[in-house]
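Since the structure comes first, as structure tokens, the remarks are kept for the end.
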Amino acid sequence: MPKVSVWASFLLVAALAICSGASAQESPAGQRPAQGNQSAANPGQQGTRRGPAPPVQGPAHDPHDLTGIWNARRGYGGDSYVGSAPEFTSWGEEQFKKAKSSNGGQYTLQETNDPVITKCYPPGVPRIYLQPFPLQIVQTPKEAIILYEYDHTVRHVFTDGRKHPEDLTATYMGDSIGRWDGDTFVVDTVGFNDKSWLDRAGRPHSDQLHVIERFQRMNQNDLEIDVTMEDAKTLAKPWNVHIGFQLRPDWTIQEQVCADNGDFVSFEK
């Protein structure tokens, strides 16, 4: 298998980030392919959307087939996403000031209060895309299943026409339902708890978080995801971000469990 020990690379990158104090913009999650359309807000609809994929050279692909193993285009996600930072409410700003990120270099692994680092909590959505691990998408007639290598996390996106349950139990990854809008797979997720961060820099959210993801397979090898985060308690306005992925047909998803690596907090010693 061409992929090296990703967990070891993760620890090395974390240590280097702490030493260097690298900023999030120096390690973006991914870049758009040259042939991709730029995403833009679409008035009257939630989230962002991109137009139809333009013709490209190479093997034919089915834009409705998202199956495969995908990795963020530049591997390691860094602190946050490409683009502008969010605008917070006063409550959101207060919560953000309490965050002690383990990735920006200001705090050590011993000092951070990152819930993923200190408690092995799941990263939540969309932060899980910034974890430096691949994901696998499996499609069935009733759902799309996303298998994240990070902490062996499994996410079910139901496509059978159901609505979000009225009596949702708040979770880290939320409740997801999906539908096709042309060649774009739109995933709507609610029902989050407030125990995770929106990114690795510590930007917070409340249990009112609403995430809209728009997946579009631009060609055989490029998958683009436009993400909109809405949270009236935390965000002054929706936060739109973009993440790009490349197909890795020769990879397999490995078993990576946070608890098995629980002593990595002692990595600096």
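The values are calculated or read from the model by the stated rules, or taken from the named source; none is laboratory data. Please read all numbers here as calculations on a predicted model, not as lab measurements. Cβ placement follows ideal geometry from the backbone for every residue including glycine, while neighbour counts extend to all protein chains displayed. Calculation scope for accessible area: heavy atoms of the full protein, side chains included, ligands and nucleic acids excluded. Shrake-Rupley method; radii C 1.70, N 1.55, O 1.52, S 1.80 Å.
Couple of notes before you dig in:
- With Cα atoms defining each centre, the range 85-161 and the range 193-264 are spaced 6 Å apart in the structure.
- Accessible-area order (highest first, 1.4 angstrom probe) of the listed residues C120, C258: C120, C258
- Packing-based ranking, highest mean first, of 166-175, 107-116 given that Cβ atoms within 10 Å are counted: 107-116, 166-175
- Interchain or long-range residues, amide H under 5 Å from G191's placed H: D175
- The residues of the range 132-269 expose, per residue, 43 Å² of accessible area to a 1.4 Å probe.
- Rounded if a/c under 1.5, otherwise prolate or oblate - the range 71-125, Cα gyration tensor axes: oblate
- R0 of 22 Å, Cβ-Cβ distance V257-E166: FRET efficiency to nearest 0.05: 0.10
- The range 131-190 - percent of accessible surface contributed by carbon and sulfur, probe 1.4 Å: 53
- Overall form of the range 111-269 per C-alpha gyration tensor (a/c, 1.5; a/b vs b/c): oblate
- All other residues whose Cβ lies under 13 angstrom from that of Q95 are scored, Lys and Arg at +1 and Asp and Glu at -1, for a net of +1.
- Amide H within-cut-off set for V82, under 5 Å, with H built and near neighbours excluded: A29, G30, H242
- Accessible heavy-atom area order of H156, H210, highest first, probe of 1.4 Å: H156, H210
- The gain in end-to-end length when the Q106 to D183 segment is fully stretched comes to 23.5 nm, 0.36 nm per residue minus the alpha carbon separation.
- Prolate/oblate/rounded label for the range 142-187 (Cα gyration tensor, a/c 1.5): oblate
- With a Förster radius of 22 Å applied to the C-beta separation of C120 and L147, the computed FRET efficiency comes to 0.75.
- Surrounding net charge for E255, when Lys and Arg each add one and Asp and Glu each subtract one, Cβ distance under 11 Å: -3
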